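Input: a single structure, listed below in structure tokens.
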Amino acid sequence: MASADIPDPATNFKAYQASLFKALVSATSAANALPPNDLGFYRSLDRDFAKNLDSAGSRVLDLSNRLLQQASNDTGIVASKYEDIDDVVDRYGSAVDVMDSLLEKADIWLDEYLGRNKKNDDSVKQKAPEVAQISAKSNSGKLEYKYLHASNVVRPQLKFKDRVDNLSSTPFQRKIVVKPHAMVPLDHGLSADAMETEDGIPRSLPHPYEYEIHHITYPEHMFEKREPQQYLPFDSTSATWVDNDESLQAMMDHLRGYRELAIDLEHHNYRSYQGFTCLMQLSTRDEDFIIDTLELRDRLWQLNDFFADPTIVKVLHGAESDIIWLQRDFGLYIVNLFDTYFATKVLEFPHHSLAYLLQKYCNFIADKKYQLADWRIRPLPQEMLDYARADTHYLLYIYDCVRDELLEKSGANENLLRSVLQRSAELALTKHEKPTYDVETGLGPGGWSGLLRKWNNPMNEQQFAVFKALHHWRDHVAREEDESTRYILPNHMLFALVERMPTESAGVIGCCNPCPPTVRMNAQAVALLIQRARMDGLRSLEEGKSKANQAITDAAAAKPEVTTVSSARKQAKVVQKVDPATFDLEKVNQQRQATAATLTKPMSVLFGTDTSSSSASEETAKQLAEEIRSTIKLILPIDTLKIKRVKSVADITPAAEEASAEHVYVPAQERVTTPAKRKENDVIVVGHFPKRSKNDKRS
Ligand code: AMP
Ligand code: MN
Ligand code: ZN
């Protein structure tokens, strides 16, 4: 193409981009039409072809050296020039790595500049969230799910007064400062003895209402039979939105005098490591309140006046998480809990969900499609407010109904109501602990052993080492960035990396589609991590005693974990102090080279051709070297460019709608696996190779 045809990027960038793209497509398709293995053959046949090849080679060498120079200028890394075209082939991967990460970083910082990223500070005003509704039919075709997802939410954590602390080496710091309705003071049980640390790991403080819950006297009205009190009609009432001191005070004034409160919470845990409560729904017999817990996070402790009051029944359904979230986020504790879930158990109902109770007693069909909605969205759409309100609006009536049934069915020897209260009280005693991480055993709720058990495909020594390394990396980064591990690197992508074990950033990005931002940003570090883990895997294979296999067997044999207070305590003891150097790029690189040196024999295993010796280490190292080498290719540093070979032009399908790059959480069973859709800028190569002569039987 003559340079006169190339539009000026300064005046018409779109046209320039289009022409650049066109050139790239034709270059790529031309390159793809070349049979690399047969070049020597054709060269020997045709002198002109040989000449052309040489001149193209020297142009590539020149261009590559300019690219390398650019990469060195931009990073300050001194790189030696490419000597010849073989040198380019051998070392091009490293230049691409640098260019890739520079481009990725530019991309991410541009997003940041445009306000699309999380690192916005308080001063950046939140834009109206773009609420995208994605409808998907479930496999049965009966239920329609709608996932509400906002892409423009400023991280609420930025506004939190309490600092997010995801370190596994420090215990949870309880938030309670004042203790209403106390039978024993707040510092009860905080003797030096109880606080003694084991294995140098400090313990979290005890449950502040342990004594009160154990010594509760339930109010008599809870045991009296009574006609259930009808709820107010849902449609002609509305919820009061509580998001400031005045409305909070007004709500608390209203709450005074009620004997029962219905409570529920909505939570977000995708863009956060431990999650946070977004909403609290609170209903009395007369009113529904919806509290913006993102706004009032540091002031809701005042509700202990009601929540810790033994004379007020707190009715929740399935409060296991709520109990944890209340103490973790607000320092709130419940004394006198009635969990309607336990009532469904004790009464041996066929189902135990709130939806079942709503249908049974209120003839209300709960629409659970908002369960997975992004509750950080503000202002909340009316339909989400309605959904949230329905979770507590009917709950006190349901309490009346199940309480009556419990009283009715209790015989002389068994008190079913007492049994529900007993189980509720045990639940209310649950203490929040920060999740720990044990690199060695993989035990714990977020550990690798649980995930490994779900993976049915076989894993070799190297893959197991890569799996553990990636899993640990993901947990570490998630804690540091305050993101969920599934945002950092979803399980299916982790396993894709384990299966293919790419040792270059382009390969890492290629395994993940759409590639999560953190993986893109750290693709090089991830590639090095994989390389190092592969070396480790090889070494442990050499050592003969396969510790890893033992761990796999152990993990497979381990029973599913039951998270109880005592198991949480046990886990707290095995907290591992993470060496930050594990994820230090430079150190990883050094270690990789050191390991490589121990495996390498006089000849270069990575790029040499010989090595006649055939010891196990030699063989495995050669195998690895071959694999690494096979991944080093000339790659255009544009990661969305995909090359697809079709037999004829007729096979080219029109570009499909581009999938969202954000990761909407979809439970495994709801996931629809469709073949990857082609993006508009995919490169389609209509392939035809020159046919080899039948006599030419080289392999
Ligand atoms: P609920 O008690 O049903 O109102 O649920 C409270 C919170 O638990 C929701 O806001 C979600 O964050 C979470 N949650 C409930 N059900 C699910 C589910 N099926 N999958 C994932 N998260 C859920
Ligand atoms: Mn709930
Ligand atoms: Zn709810």
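A short reminder: the numbers here are calculations on the coordinates, not readings from a lab. Because the structure is a prediction, the values reported are computed rather than measured. Cβ coordinates were reconstructed from backbone atoms using ideal geometry, including for glycine residues, and neighbour counts include every protein chain displayed.
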(message) Could you derive backbone 3J(HN,Hα) for region 255-262 from the dihedral phi with the Karplus parameters 6.51, -1.76 and 1.60 (θ = phi - 60°), listing whole Hz in sequence and x where the residue is Gly or Pro?
(response) 5, 4, x, 7, 8, 9, 10, 9
(message) Need one number for region 475-522: average projected area of the convex hull over its C-alpha atoms, nm².
(response) 3.0
(request) For residue 315, enumerate residues with amide H under 5 Å from its amide H, sequence gap 5+ or separate chain, H modeled in the peptide plane. (result) 261, 262, 263, 338
(request) List the residues whose amide H sits under 5 Å from the amide H of residue 241, counting only those 5 or more places along or on another chain, with H placed 1.01 Å from N in the peptide plane. (result) 290
(request) With +1 on each Lys and Arg Cβ and -1 on each Asp and Glu Cβ, and nothing else charged, work out how big the dipole of region 246-339 is about its Cα centre, in Debye to the nearest 20. (result) 220
(request) Using Cα pairs closer than 8 Å and at least 6 residues apart in sequence, work out the relative contact order for region 271-419, in percent. (result) 23
(request) Would you tally the net charge around residue 489, using a Cβ to Cβ cut-off of less than 12 Å, leaving residue 489 out, and scoring K and R as +1, D and E as -1? (result) 0
(request) Between beta-carbons, use under 15 Å as the cut-off and find the net charge around residue 414, counting Lys and Arg +1, Asp and Glu -1. (result) +1
(request) For region 170-304, give the magnitude of the charge dipole about the Cα centre (Cβ charges: +1 Lys/Arg, -1 Asp/Glu; no others), in debye to the nearest 20. (result) 120
(request) Take the alpha carbon atoms of region 506-533, find their center, do the same for region 28-93, and report the distance between the two centers in whole angstrom. (result) 26
(request) Please tell me which of these pairs span more than 20 angstrom C-alpha to C-alpha: 161/431; 314/409; 179/314; 314/345; 22/105? (result) 161/431; 314/409; 22/105
